[in-house]
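Let me begin by presenting the structure, written as structure tokens, before commenting on it.
Rule-based calculations on the coordinates, nothing more; no lab input. Every value quoted in this text rests on a predicted model; they were computed, and no experiment measured them. Using ideal geometry, Cβ is built from the backbone for each residue, glycine included, and neighbour counts are taken over all protein chains shown.
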Amino acid sequence: MFKENKNNTKNTNLFILKKKLIRDDEILFLNGHEEEHFSQLLASLALVFSPLELTIRHTLLSESFLLDLVIVAIMRYLLLSTVLLFILFQVKAINLALNGASYDNLLSVDADGSTTLQCEVINNTAAESLMWYRGSQQVNVSAVNSVNSSTICLPKVTPDDDQVSYTCLLQRDTNVKRSVLINVNYEPILTGETYLAIQEGQKAVLTCEVKANPAADMAWKKNGRLVNFPDRVEQRMSGNSWTLTITKAVKSDAANYTCVAAPTGSAEKTLMFRLDVSDRDPGLPVEAIGGAVVVGTLIIIFGLVARRDKIFKGCKCRRD
């Protein structure tokens, strides 16, 4: 900012050159006959070097001192400009674009469809080599397909590609990279052990493994119908496992159970399970076993008592 204040003295004006972030003002004196010339010069400097605030109030300073001041200011701003240019160069330094995007992004693809990933070098001044990774595994590309621009094709996307990242990297500086996360849309896939046989009173657990993107609504049917299961029956989703647990099965629990996945906007997917519940194995009677053990023990004891004379007589003969 440039201000001019005049007092009643004709021959003198006071110039104060005030720098921002400087502790004290610096008072500069200029010879009276040079006043007009350097007033214009200081005004020009004030316009060029905006961080400097110049206020004209009083007089007398040598031209050489002011010239030195101008040189210092110019050198300071040249240095500042160099730093700014260096920063701008770094900001606009070599970068990568993946499928036209200069940022990491998400790519949605339908299962069994195909897609192409194209990586390009931007702001480069020479030939740059590129390389690819699928997750943590490197993807081999030809030398011709790796200079400044590189393309990989996914001819048939499968559910195994869901949530897998593909990353393009600058070979000479792997910190320069760009990634895309593949989002595969596919209908529910149901798997599991479809037959279970237990005895009455045992726990029955039917497990339906489900994979779907987007997630599907899940349900269990008994003999083809949705039912309200009793308290001893629990339906639960844990990870990718949709389970039906019967804590103490009874004969009436034997049935066909259907795992149902209902995706939004698509037909239901089902997987049928069979549960058989047999009578409880009676096993060996505990009372009979206990009685037999007691009887056997008594027989042995009575036999030893009945033969005690012969046993002792034999021992006596051996001692003689």
Task: Around Trp220: net Lys/Arg minus Asp/Glu count, Cβ-Cβ under 11 Å - done: +3
Task: Sites Asn228 and Ser278, calculated FRET efficiency, Cβ-Cβ separation with R0 22 Å, nearest 0.05 - done: 0.30
Task: Signed unit charges on C-beta, dipole axis of segment 95-185, positive-most listed residue Gln118, Gly135, Asn148 - done: Asn148
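Rounded to the nearest 20 debye, what is the charge dipole size of segment 95-185 about its Cα centre when +1 sits on each Lys and Arg Cβ and -1 on each Asp and Glu Cβ?
Here the size comes out at about 260 debye.
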Task: Radius of gyration, Dmax [segment 153-247; alpha carbons; angstrom] - done: 20.6, 68
- [ ] For segment 191-196, take each phi angle, set θ = phi - 60°, evaluate the Karplus expression 6.51 cos²θ - 1.76 cosθ + 1.60, and give the result in whole Hz per residue in order, putting x for glycine and proline.
- [x] 9, x, 6, 8, 10, 9
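How far, in nm, would the chain grow between Asn95 and Ala254 when pulled straight, counting 0.36 nm per residue and subtracting the alpha carbon separation? Don't skip to the answer; put the middle values down first.
Numbers: separation 159, 0.36 × 159 = 57.24 nm, distance 6.41 nm.
Between Asn95 and Ala254, full extension yields 50.8 nm more.
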- [ ] Normalising by the residue count of segment 95-185, find the relative contact order in percent from Cα pairs under 8 Å and 6+ residues apart.
- [x] 39 percent
Open item on the list: Using a Förster radius of 51 Å, what is the FRET efficiency between Leu78 and Asn140 based on their Cβ-Cβ separation? Nearest 0.05, please.
Closed with: 0.55
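Evaluate the charge dipole of segment 192-278 about its Cα centre and quote only its size in Debye, nearest 20, assuming +1 on the Cβ of each Lys and Arg and -1 on the Cβ of each Asp and Glu. Each step should come with its number before you reach the end.
Working: 11 positive and 9 negative charges, 20 e Å.
Using Cβ point charges on Lys, Arg, Asp and Glu, segment 192-278 gives about 100 debye.
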Task: Ala254 long-range amide H proximity, modeled H, under 5 Å - done: Val277
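Compute the Cα gyration tensor for segment 192-278, then decide on rounded, prolate or oblate, letting a ≥ b ≥ c be the square roots of its eigenvalues: rounded whenever a/c is under 1.5, prolate when a/b is larger than b/c in the other cases, and oblate in all that remain. Intermediate results must be reported in sequence, preceding the final value.
Values: a/c = 2.09, a/b = 1.96, b/c = 1.07.
Since a/c reaches 1.5 and a/b is larger than b/c, the shape of segment 192-278 is classed as prolate.
Counting Lys +1, Arg +1, Asp -1, Glu -1, what net charge surrounds Ala254 among other residues with beta carbon under 13 Å of its beta carbon?
Working: positive: Lys222, Lys251, Arg274; negative: Glu200, Asp253, Asp276, Asp279.
Around Ala254, the charge tally is -1.
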- [ ] Express in nm, to one decimal, how much length is gained between Glu268 and Lys221 on full extension, taking 0.36 nm for each residue of separation and deducting their alpha carbon distance.
- [x] 15.6 nm
